[in-house]
1. Taking H as built 1.01 Å from N, whose amide H comes closer than 5 Å to the amide H of Ile113, not counting residues under 5 places away?
2. For the chain, what is the number of Lys pairs with C-alpha distance below 27 angstrom, counting only pairs 8 or more positions apart or on separate chains?
3. Take the alpha carbon gyration tensor of the stretch 3-88, find the square roots of its eigenvalues, order them as a ≥ b ≥ c, and report rounded if a/c is under 1.5; if not, report prolate when a/b exceeds b/c, else oblate.
4. With just the Cα atoms of the chain, tell me how far they stretch along each of the three principal axes, in Å, largest first.
5. If exposed means no more than 15 neighbouring beta carbons inside 10 Å and the site is in a DSSP loop, what's the longest run of the chain without any exposed GluC sites (Glu not before Pro)?
6. Counting only DSSP beta bridges with both residues in the chain, tell me the antiparallel percent, nearest 5.
7. Give me the base-10 log of I(q)/I(0) for the stretch 93-201 at each q in 0.12, 0.22 Å⁻¹, Debye formula, one uniform scatterer per Cα, rounded to two decimals.
8. Among Leu12, Pro199, Ser26, flag the residue with its Cα farthest along the positive direction of the charge dipole of the chain, charges on Cβ as +1 for Lys/Arg and -1 for Asp/Glu.
Amino acid sequence: MSQTFYEAAGELESRGQSFVVVTLISGRGHIPQDPGAKAIVTANGLYFGTVGGGKVEARAIREAQALLQSEAREAKDPVVHTWNLQKDIGMTCGGEITYLFEIHRPHSWRVRIFGAGHVAQALVRVLANLPVSVTCVDPRGDWVRALPQDQSNLEAIHQENPSAWISEQTLSRDDFFVVITQGHATDVPVLESIFKKMPIP
C-alpha cells in the first residue's frame with residue numbers, strides 16, 4: 001500500500017525534520033497539474049507528491065528549499081507565488097500558476113527532566129507524544145531503563161552526577177527544566193548548575 005500525503009508529513013514530523021508543503025491553489029491557461037495538487041519538499045529536495053513536474057515543479061522545489069534555508073524566515077508564515085509559465089519559468093505553454101508554500105519546522109522546545117521516579121515516568125509518557133524534545137536524566141539505571149524505549153524524541157540518560165552532566169551541556173532559552181529528583185538534597189545541586197549554565201537574556 002502506497003504512502004499517503006498525511007503519512008509522509010507525519011513521518012517527517014516524528015523525525016523532527018523541517019519541510020515545506022507546496023499546494024497548487026489556482027491556474028490560468030494550460031497548467032501541468034490540477035488545483036489542489038500537493039508536494040512535500042525537504043532540504044534534500046522533493047520528498048512526496050507532485051505539483052506539475054518539469055520546469056515549474058523544479059522552480060517550486062528551489063523556492064521551498066530557499067524558504068527552509070532562510071534564517072530570516074524563522075517564522076512559519078505561508079508564502080504565495082504566482083508565476084507566468086512563459087516569462088517566469090521559460091515554458092512554451094501559456095498560462096499562469098499560483099502555489100502556496102507552507103513551512104513546517106520542528107518545535108524547538110526542549111524539556112529536560114531530572115529524576116526518573118514515578119512522577120517523571122508519567123510525565124515523560126505524556127511529553128513524548130508532543131512535538132518537543134525530551135531528555136530525562138537520573139543516576140538510577142533501573143529507573144532510566146523503565147522509561148519508554150521506542151520514542152524518537154526521548155533521550156533517557158543514566159548519569160551518576162547530573163550536576164556535572166549539566167555543566168557539559170549547551171543550554172538555551174528554548175530549554176525547560178523539571179527537577180524532581182529523590183529530594184531537596186539532590187534537587188539543589190541540579191538547580192545551581194542550571195542557573196550557572198543558563199544564558200543571560
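Readers should treat all values here as calculations from the given coordinates under stated rules, not as data from a laboratory. This one's a predicted model, so the numbers in the text were calculated from it and none came from an experiment. Backbone-built Cβ (ideal geometry, glycine too); neighbour counts: all protein chains shown.
1. Placed amide hydrogens put Thr135, Cys136, Val137, Val178 under 5 Å from Ile113.
2. 5
3. Oblate is the answer for the stretch 3-88, as a/c is 1.5 or above yet b/c matches or exceeds a/b.
4. Sorted from largest, the Cα extents of the chain read 74, 43, 20 Å.
5. 75-159
6. Roughly 60 percent of the DSSP beta bridges within the chain come out antiparallel.
7. Evaluating at q = 0.12, 0.22 Å⁻¹ gives log10 I(q)/I(0) of -0.45, -1.24.
8. Checking the options against the dipole of the chain, the answer is Ser26.
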